[in-house]
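Visitor: Sharing a structure here in structure tokens format.
The values are calculated or read from the model by the stated rules, or taken from the named source; none is laboratory data. Just so we're clear, the structure is a prediction, and the values are computed from it rather than from any experiment. Here the Cβ positions follow ideal geometry from the backbone for every residue, glycine too, while neighbour counts run over all protein chains shown. Note: areas computed on protein heavy atoms with side chains; ligands, DNA, RNA excluded. Shrake-Rupley method; radii C 1.70, N 1.55, O 1.52, S 1.80 Å.
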Amino acid sequence: MGLPNHVKTEIMFKKMYREDALREQKFECLYCNNKETFNTVTAEHKKCKVYGGPLNRENIAATCERCNKAKGYLNHDKFNKIVKSKDIPDDVK
């Protein structure tokens, strides 16, 4: 049966936004500056979807998997402060 068309469309746009963000960020994670590729990068919602963050280009950043998981439901500014203080938990992989 496959995925509904609206889900396929969302997946397509998320991939496109993620790749655009990665190019704009010079192939670096927004938070830790690790080098990323199209195969390793994740799409991070700066404002989480659960808090009303939209699926649009302005709300998507390219991040490494570690930072994406560590950020969780934190907002962009709060997590950015944590990263700059080098206080990301080691158990986040």
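Visitor: What are the lysines whose alpha-carbon lies under 21 Å from the alpha-carbon of Lys8, with same-chain residues fewer than 8 places away excluded?
Guide: Within the straight-line cut-off, Lys8 pairs with Lys49.
Visitor: Return the single residue from Glu36, Glu44, Glu58 with maximal mean-square fluctuation; model: Gaussian network over the chain, springs between Cα atoms under 10 Å.
Guide: The residue that fluctuates most here is Glu58.
Visitor: [x] 1.02; [y] 1.20; [z] 1.10: which one is Cα Rg over 2.2 N^0.38 Å as calculated from this entry?
Guide: After the calculation, the listed value that fits is [z].
Visitor: Here's another thing I want to ask about it. At a probe size of 1.4 Å, how large is the accessible area of Tyr73, to the nearest 10 Å²?
Guide: The accessible area comes out at roughly 150 Å².
Visitor: Here is a follow-up. Using a 1.4 angstrom probe on the protein heavy atoms only, line up Arg66, Arg23 by accessible area, largest first. If you can, show how the numbers build up before the last one.
Guide: Numbers: Arg66 95, Arg23 120 Å².
Sorted by accessible area, descending: Arg23, Arg66.
Visitor: Work out the FRET efficiency for Lys78 and Lys15 from their Cβ-Cβ distance, taking R0 = 35 Å, and round it to the nearest 0.05. All intermediate terms of the calculation are to be shown ahead of the outcome.
Guide: Numbers: r = 27 Å, r/R0 = 0.76.
E between Lys78 and Lys15, to the nearest 0.05, is 0.85.
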